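Let me begin by presenting the structure, written as structure tokens, before commenting on it.
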Amino acid sequence: MSESRLPVVLDVDTGIDDAMAIWYALASPRLDVQGITTCFGNGGIEVTTRNTLLAVELSGRHVPVYQGAAHPLASAAIDTAEAFHGQNGLGEAQLPPVQGRAERQPAAEYLAAALEGGSTTLVATARLTNLALALALYPALARRIPRVVVMGGAAFCPGNVTPVAEANIWGDPEAAALVFQSGIPITMVGLDVTHQACLADRHLGSPAGQSARPYAEVLAAASEFYMRAYNPGAAPGDRTCPLHDPLAVAVAEDPSVITTRPYAVTVSLHDPATRGMTVVDARSRVPAPPHPIDVAVAVDAPRFVQEFCRRLGYRADP
Ligand code: RIB
Ligand code: CA
């Protein structure tokens, strides 16, 4: 891979939008995807790892996949998201068998080794459990990681699991709190911006574009499922669905696609009403925190969506 590409590791819970993010990243002219770690989330860990292996195989590329956490730090129970991703995590698309398997090294150990070099960005589009485990194993790691782009949180908008909590933070708030307090430079790509970066019905059904891609059939079925899940009962035509995880990859590739502001962000843990909330201190008169989180507050959605459509073979806007 060319030296001018930014080395990245993806941490995913594949998931429809995670698969889209993987394909978006693997088609990037500017990113060098060195490895992919998996976490429970949109499905159980066996499902998300199988889907990740499949996404990589269908891309025609060879990228090592490392299986990670099966449950959050503080609980053996998991919350999954079949309503949005289907029982098989890819919108009940017909899935070909996976040929390869995950590497032997656990995800947290791989993350520590991969990020320790100080030049690799992590794009985390799942619960932050794997990174929290890596930090617990190697606390010095926090000072070595140049940046983590997190798809997660809701700064100034409602949550998508509870009134205030977004799924990736809600699914393991203890892990998110640990990561957010670690001092690692973090860009938080939350629902404030991902809900503005949407695929629409007019982008679907570009057989000429998508059929050239080996993942075309899986992507077409998964996109339709995802669109239906986000627009229950709506007729095709006006539907949209947010491109959460691909936007995080786009931010790693080109931070100028969003506008950020540096804020203190606390993850709520102990109040059942607000558990999993990313509490953003936007008061103007408080002193700047020592390690602010770069919170995305605006996105150039047309630019991102156009590039997303072009890269994955959807019908781009004229
Ligand atoms: O809230 C959206 C996030 O939750 C995305 O990463 C999606 O894949 C799910 O994990
Ligand atoms: Ca995800």
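The values are calculated or read from the model by the stated rules, or taken from the named source; none is laboratory data. Because the structure is predicted, anything quoted here is derived from the model rather than measured. Ideal geometry is used to build each Cβ from the backbone, glycine not excepted, and the neighbour counts take in all protein chains shown. Note: accessible area is taken over every heavy atom of the protein model, side chains too, but ligands, DNA and RNA are not part of it. Shrake-Rupley method; radii C 1.70, N 1.55, O 1.52, S 1.80 Å.
The criterion of at least 2 residues that are open to solvent by 60 Å² or more (accessible area, probe 1.4 Å) is met by the following strands (runs of 3 or more DSSP E) wholly inside region 207-318: 258-267. When Ala176, Ala222, Ala154, Ala200 are checked against the criterion of being within 30 Å of Pro318 (Cβ to Cβ) and within 14 Å of ligand 1 (Cβ to nearest atom), a single residue qualifies: Ala222.
Just name the residue that is most open to solvent (accessible area, probe 1.4 Å) out of those in region 29-48 that are farther than 18 Å from Ala77 by Cα and touching a strand residue (DSSP E or B) at 6+ places or on another chain (Cβ under 9 Å).
Arg30
Of all residues in region 119-142, count the ones that are open to solvent by less than 30 Å² (accessible area, probe 1.4 Å), more than 12 Å from Ser182 (Cβ to Cβ) and without any contact (Cβ under 8 Å) to a residue 40 or more places away in the chain. Qualifying residue count for the region: 0.
Return the only residue of Val189, Val295 being touching a Lys or Arg at 6+ places or on another chain (Cβ under 6 Å), of a type outside the set (D, E, K, R) and within 16 Å of ligand 1 (Cβ to nearest atom). If you could, list the steps in order and put the result at the bottom.
Numbers: Val189 fails: touching a Lys or Arg at 6+ places or on another chain (Cβ under 6 Å).
So the residue among Val189, Val295 that is touching a Lys or Arg at 6+ places or on another chain (Cβ under 6 Å), of a type outside the set (D, E, K, R) and within 16 Å of ligand 1 (Cβ to nearest atom) is Val295.
Selection over region 154-186 of residues that are closer than 14 Å to His244 by Cβ and either open to solvent by 10 Å² or more (accessible area, probe 1.4 Å) or within 13 Å of ligand 2 (Cβ to nearest atom) (or both) gives a count of 10.
Would you mind listing the helices (runs of 4 or more DSSP H) fully within region 2-108 where at least 3 residues are within 29 Å of Gly276 (Cβ to Cβ) and out of contact with any helix residue (DSSP H, G or I) (no Cβ under 9 Å at 6 or more places or on another chain)?
Working: elements: 16-26, 45-59, 82-85.
Counting at least 3 such residues, we get 45-59.
Filtering region 1-31 to residues that are more than 30 Å from Gln87 (Cβ to Cβ) and among the small types (Gly, Ala, Ser) leaves Ser2, Ser4, Ser28.
Applying the selection to region 18-67, what residues are of a type in the set (D, E, K, R), closer than 21 Å to Arg213 by Cα and free of Cβ contacts under 8 Å to residues at least 40 places away in the same chain? Explain how you work it out, then say what you get.
Taking region 18-67 as the starting set, the residues that turn out to be of a type in the set (D, E, K, R) are 18, 30, 32, 46, 50, 57, 61.
Keeping just the survivors that are closer than 21 Å to Arg213 by Cα gives 18, 30, 32, 50, 57, 61.
The answer is Asp32, Arg61.
Taking every residue in region 191-203 that is farther than 10 Å from Ala296 by Cβ and pairing it with any residue that is of a type in the set (Phe, Trp, Tyr) and within 12 Å of ligand 1 (Cβ to nearest atom), at least 6 positions away or on another chain, the pairs with Cβ-Cβ distances below 9 Å are Cys198/Tyr230; Leu199/Tyr226.
Inside region 1-25, can you point out the residues that are away from ligand 2 (no atom under 16 Å from the Cβ), modelled with pLDDT of 95 or more and of a type outside the set (D, E, K, R)?
Filtering region 1-25 down to residues away from ligand 2 (no atom under 16 Å from the Cβ) leaves 1-7.
Okay, now just the ones that are also modelled with pLDDT of 95 or more, so 5-7.
Of everything in region 1-25, those that are away from ligand 2 (no atom under 16 Å from the Cβ), modelled with pLDDT of 95 or more and of a type outside the set (D, E, K, R) turn out to be Leu6, Pro7.
Look at (1) under 20 Å from Gln87 (Cα atoms); (2) in contact (Cβ under 8 Å) with a residue 60 or more places away in the chain and you find that Ala70 fails only one, number (2).
Looking at the structure I just gave you, is Val257 under 27 Å from Ala155 (Cβ atoms) and within 16 Å of ligand 1 (Cβ to nearest atom)? Considered against the rule, which asks whether it is under 27 Å from Ala155 (Cβ atoms) and within 16 Å of ligand 1 (Cβ to nearest atom), Val257 comes out as no.
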